[in-house]
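Visitor: My structure is below; once you've seen it, I'll send some questions.
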Ligand SMILES: NC(=O)C1=CN([C@@H]2O[C@H](COP(=O)(O)OP(=O)(O)OC[C@H]3O[C@@H](n4cnc5c(N)ncnc54)[C@H](O)[C@@H]3O)[C@@H](O)[C@H]2O)C=CC1
Ligand SMILES: O=C(OP(=O)(O)O)[C@H](O)COP(=O)(O)O
């Protein structure tokens, strides 16, 4: 069985999810939507996959960009739509998805209530099966949940406290900032991230604070996790190194000690768009004092939710189990299980 997929909103997230869907042997990308002519619309049109809102057809015709049809034409052809429109726009489309009887996956810019179910592969894949709607939680929340659920699989987690250092804008965004400030986000504590984590793990004692800083390449987190019993650093590192989609980076040995170097690493190992689907954890930052864990991690905001969207498609349509989806998604996206595997692949692919 092949799930027929549409991507509504071919932007930062949508273009990555569309490309990931094209790599799956159990999915078919039927089309993507754009609202204004640009180079991505030209690419989608040349792929024979461009659909536009009804009131925009003439605009694309005037721009000389052939469209395959309207959004409604597209929704008639698919089983599921990945809504990757700007935050808050997905909510406006929900009635249309309901009218066409298609499943829909929303993104983190929508409120939990829009889908009524928030998704994170490692935490609640099985609960998604059979649902019509799901929200893939945003990049920061995905990073937090990936760590927390990896730890919860092996230890009794008592509480989580996290400081989120948010990137001010994506590299292509020129209207956001700050350029020269550290902005509490919000100044009243806590930030929305802890609330978002609890949409997936309602029972967890988690609190987060956030600030926005002048960078575009990655988010960073400073975490404190308390356990019911004392743990050892060795045991924690073993769990993190074996967990899916977590990359423990030996910073001293590799020289990868900050987000700029992490992105340069992703570029040097040949990741398209320097996408790092994996949550990056600085190995040397992992420290344990009795029942308390401290660590620092970094999130490539533009790509970390890509594998989660692919898994959400399988979870909603009941295609395969979580383990099977993890395996297929990670294999097709080239996601590695360890830093050494990343280096191995870089060496074997160098110059190819
Ligand atoms: N950019 C990021 O780092 C992350 C974004 N997200 C979430 O993903 C969602 C999409 O965000 P981005 O991809 O960054 O946005 P984006 O602005 O890069 O792309 C949005 C796309 O939707 C199109 N669009 C705009 N208005 C539309 C409308 N009314 N109907 C149909 N399409 C429309 C735009 O032309 C663009 O192609 C948001 O909910 C956001 O919060 C989640 C994780 C990370
Ligand atoms: O950081 C993000 O959301 P999050 O802080 O809710 O995880 C996403 O990258 C979206 O950020 P934006 O709202 O600055 O586009």
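Visitor: Taking region 99-163 on its own, what percent of its Cα-Cα pair distances exceed 19 Å?
Guide: Details: 800 of 2080 pairs.
Of the Cα pairs, 38 percent sit more than 19 Å apart.
Visitor: Also: Alpha carbon centre of region 1-66 versus region 99-173: separation in Å?
Guide: Each part reduced to its Cα centre gives a spacing of 24 Å.
Visitor: Relative contact order for the chain: what percent, with Cα pairs under 8 Å and sequence separation of 6 or more? Please list the in-between numbers first.
Guide: On the way: 716 pairs, mean separation 58.6, N = 352.
Normalised by residue count, the contact order of the chain is 17 percent.
Visitor: Still on this structure, please answer the following. So what's the Cα pair-distance distribution over region 1-107, bin width 10 Å, in %?
Guide: Over region 1-107, the share of Cα pairs per 10 Å bin runs 16, 52, 29, 2 percent.
Visitor: On alpha-carbon atoms, Rg over Rh for region 58-119 using Kirkwood Rh?
Guide: Details: Rg = 13.5 Å, Rh = 12.9 Å.
With Rg and the Kirkwood Rh in hand, the quotient comes to 1.05.
Visitor: List the relative contact order of region 189-329 as a percent without decimals, with contacts defined as Cα pairs under 8 Å and 6+ residues apart. Don't jump to the answer; show the numbers that get you there.
Guide: Working: 177 pairs, mean separation 34.9, N = 141.
Once divided by the residue count of region 189-329, the mean separation gives 25 percent.
Visitor: Right, something else. Rank these for me by crowding, 25, 83, going from fewest to most other beta carbons within 10 Å. Provide the component values of the computation, followed by the final result.
Guide: Values: 25 8, 83 29.
Result, fewest neighbours first: 25, 83.
Visitor: Also: Given R₀ = 25 Å, FRET efficiency for residue 338-residue 23 by Cβ-Cβ distance, to 0.05? Mind showing how you got there, number by number?
Guide: Values: r = 22 Å, r/R0 = 0.87.
Efficiency computed from Cβ-Cβ geometry: 0.70.
Visitor: Counting only Cα, what are the radius of gyration and maximum Cα-Cα distance Dmax of the chain, in Å?
Guide: 20.2, 67
Visitor: Efficiency by 1/(1 + (r/R0)^6): what FRET value for residue 188 and residue 154, r their Cβ-Cβ distance, R0 = 35 Å, to the nearest 0.05?
Guide: On the way: r = 35 Å, r/R0 = 0.99.
Rounded to the nearest 0.05, the efficiency is 0.50.
Visitor: Going by how many other Cβ atoms sit within 10 Å of their own, how do 35, 208 line up, fewest first? Mind showing how you got there, number by number?
Guide: Details: 35 19, 208 23.
Fewest-to-most ranking of 35, 208: 35, 208.
Visitor: Then there is this: Given q = 0.13 Å⁻¹, what are the Debye log10 I(q)/I(0) values for region 120-211, with equal point scatterers placed on the Cα positions and solvent ignored?
Guide: -0.52
Visitor: Please give the FRET efficiency for residue 126 paired with residue 331, using the beta carbon to beta carbon distance and R0 = 30 Å, rounded to the nearest 0.05. Kindly include the intermediate steps, with their values, before the conclusion.
Guide: Values: r = 21 Å, r/R0 = 0.69.
About 0.90, to the nearest 0.05.
Visitor: May I ask you to sort 254, 138 by Cβ crowding, counting other Cβ atoms within 10 Å and putting the fewest first?
Guide: Details: 254 15, 138 24.
Least to most surrounded, the residues fall as 254, 138.
Visitor: Could you check the spin-label model distance between residue 234 and residue 215? Points 7 Å from the Cα along Cα→Cβ, value in nm.
Guide: Computed distance between label sites residue 234 and residue 215 equals 3.2 nm.
Visitor: Also, quick follow-up: So how much slack lies between residue 345 and residue 287, counting 0.36 nm per residue of separation and subtracting their Cα-Cα distance, in nm?
Guide: Stretched fully, the residue 345-residue 287 segment lengthens by 18.0 nm.
Visitor: Okay, next question. Only Cα pairs within less than 10 Å get springs; with that Gaussian network setup on the chain, which residue of 313, 246, 179 has the largest fluctuation?
Guide: Maximum fluctuation in the GNM of the chain, among the listed residues, is at 179.
Visitor: Can I ask one more? Work out Dmax and Rg for region 187-244 from the C-alpha atoms and quote the Rg first, both in angstrom.
Guide: Just the Cα atoms of region 187-244 yield Rg and Dmax of 14.5, 39 Å.
Visitor: Counting DSSP beta bridges with both partners in the chain, what percentage is antiparallel, nearest 5? Display every interim value, and only then the final one.
Guide: On the way: 23 of 57 bridges.
Taking every DSSP beta bridge within the chain, about 40 percent pair in antiparallel fashion.
Visitor: Across every pair of different alpha-carbon atoms, what Kirkwood hydrodynamic radius in Å does region 217-352 reach?
Guide: Working: mean 1/r = 0.0627 Å⁻¹.
That comes to 16.0 Å for region 217-352.
Visitor: For helix 12-22, what angle does its Cα long axis make with the longest principal axis of the chain, in degrees from 0 to 90 and rounded to 10?
Guide: The angle comes out near 80 degrees.
Visitor: How are the alpha carbon pair distances in region 298-352 distributed across 5 Å bins from zero to the largest one, expressed in percent?
Guide: 4, 18, 21, 22, 17, 11, 6, 1
Every read-out reported here was derived from the displayed coordinates using simple, explicitly stated rules and does not represent laboratory data. Small disclaimer: the values here were computed from a predicted structure and weren't measured. As a convention, Cβ positions derive from the backbone with ideal geometry for all residues, glycine included, and neighbour counts pool all protein chains shown.
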